[in-house]
Amino acid sequence: MESVIRGVTIYVFLWLIFRISGKRTLAETSPFELVLLLIISEVTNQAMVDSDHSITNAFLLIMTLVGMSVLLSFIKHRWPAASRIFEGLPLPLIRNGERLQHNMDKSRVDEEEILMSARLNQGVEKMEDIKEASVENDGQISIVPRSQ
């Protein structure tokens with residue numbers, strides 16, 4: 001039972017940390033962020049397993065973590081408002097051609113990243129040609145170009 005409590009606690013803690021750190025944290029990982037994630041996984045492993053390295057404990061922890069994921073998925077499906085709590089809403093960066101600097105700062109996105117997404121996804125090369133831009137829940141930047 002202790003392993004289940006440890007697994008649930010670690011799952012909730014990591015969810016909170018990644019939720020607080022922002023949507024862009026996991027969208028694109030730099031080498032530094034990859035190393036950080038590897039260290040987090042090792043520390044998490046030690047916290048969940050403690051001194052019980054048995055295969056039974058490993059199975060129990062895997063079932064607990066998958067069960068948490070299924071439970072959260074069920075809650076989001078059953079109560080759509082819960083999805084906003086767990087995943088948040090897309091954050092607008094440009095609305096009607098106007099930059100929303102506060103949101104850009106909040107999501108740690110600069111104009112170059114918006115333009116890169118615009119070039120890759122819409123073939124848009126100038127900020128003036130962007131009508132809407134948002135950071136989606138998965139951390140990607142979506143672009144709506146101005147009508148030509």
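The values are calculated or read from the model by the stated rules, or taken from the named source; none is laboratory data. This is a predicted model, so every value here is computed, not measured. FYI the Cβ positions are ideal-geometry reconstructions off the backbone, even for glycines, and counts take in every protein chain you see. Side chains included, ligands, DNA and RNA excluded: accessible areas come from the protein's heavy atoms. Shrake-Rupley method; radii C 1.70, N 1.55, O 1.52, S 1.80 Å.
Taking region 115-147 only, how many residues are part of a strand (DSSP E or B) and in contact with a Gly (Cβ under 9 Å, 6 or more places away or on another chain)? Before you say what the answer is, go through the steps one by one.
As a first pass, look at region 115-147 and keep what is part of a strand (DSSP E or B): 130-135, 141-145.
In the following step, the residues that additionally are in contact with a Gly (Cβ under 9 Å, 6 or more places away or on another chain) were identified as 130-132, 135, 145.
Count: 5.
Just need a number here: residues in region 92-139 that are more than 30 Å from residue 82 (Cβ to Cβ) and not hydrophobic (A, V, I, L, M, F, W, C).
16
Going through 83, 107 one at a time, which residue ends up being among the small types (Gly, Ala, Ser), under 18 Å from residue 13 (Cα atoms) and within 18 Å of the chain's Cα centre (by Cα)?
83
Rundown of residues vs (1) surrounded by 15 or more Cβ atoms within 10 Å (Cβ to Cβ); (2) in contact with a Lys or Arg (Cβ under 8 Å, 6 or more places away or on another chain), yes/no style:
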position	(1), (2)
64	yes, no
69	no, no
104	yes, no
112	no, no
138	no, yes
145	yes, yes
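In region 67-97, which residues are modelled with pLDDT of 90 or more, part of a helix (DSSP H, G or I) and either among the basic types (Lys, Arg) or at positive phi (or both)?
If the condition is that a residue be modelled with pLDDT of 90 or more, part of a helix (DSSP H, G or I) and either among the basic types (Lys, Arg) or at positive phi (or both), then 78 is the only one that fits.
Could you check how many residues of region 85-105 are closer than 26 Å to residue 145 by Cα and free of Cβ contacts under 8 Å to residues at least 12 places away in the same chain?
First, pick out the residues of region 85-105 that are closer than 26 Å to residue 145 by Cα: 87-105.
If we keep only those that are free of Cβ contacts under 8 Å to residues at least 12 places away in the same chain as well, we get 98, 100-102, 104-105.
The qualifying residues number 6.
Any residue in region 106-131 that's more than 17 Å from residue 95 (Cβ to Cβ): show its pairings with residues that are hydroxyl-bearing (Ser, Thr, Tyr) and open to solvent by less than 100 Å² (accessible area, probe 1.4 Å) at Cβ separation under 9 Å, as long as the two are six or more apart or on different chains.
Between residues of region 106-131 that are more than 17 Å from residue 95 (Cβ to Cβ) and residues that are hydroxyl-bearing (Ser, Thr, Tyr) and open to solvent by less than 100 Å² (accessible area, probe 1.4 Å), the close pairs are 108/25; 121/142.
Name the residue, out of 91, 72, that is among the hydrophobic types (A, V, I, L, M, F, W, C) and within 17 Å of residue 142 (Cβ to Cβ).
One residue alone meets the criteria, 91.
Somewhere in region 46-61, is a residue assigned to a helix (DSSP H, G or I), under 21 Å from the mean Cα position of the chain (by Cα) and either modelled with pLDDT of 85 or more or surrounded by 11 or more Cβ atoms within 10 Å (Cβ to Cβ) (or both)?
Scanning region 46-61, I find no residue that is assigned to a helix (DSSP H, G or I), under 21 Å from the mean Cα position of the chain (by Cα) and either modelled with pLDDT of 85 or more or surrounded by 11 or more Cβ atoms within 10 Å (Cβ to Cβ) (or both), so the answer is no.
Go through region 71-85 and give me each residue that's surrounded by 14 or more Cβ atoms within 10 Å (Cβ to Cβ) and under 28 Å from residue 42 (Cα atoms).
Correct list: 72 only.
Quick test for you: out of 93, 89, 120, pick the one residue that is open to solvent by 90 Å² or more (accessible area, probe 1.4 Å), under 19 Å from residue 20 (Cα atoms) and of a type in the set (A, V, I, L, M, F, W, C). Step through it out loud before you land on a result.
Details: 93 fails: open to solvent by 90 Å² or more (accessible area, probe 1.4 Å); 120 fails: under 19 Å from residue 20 (Cα atoms).
After applying the criteria, what remains is 89.
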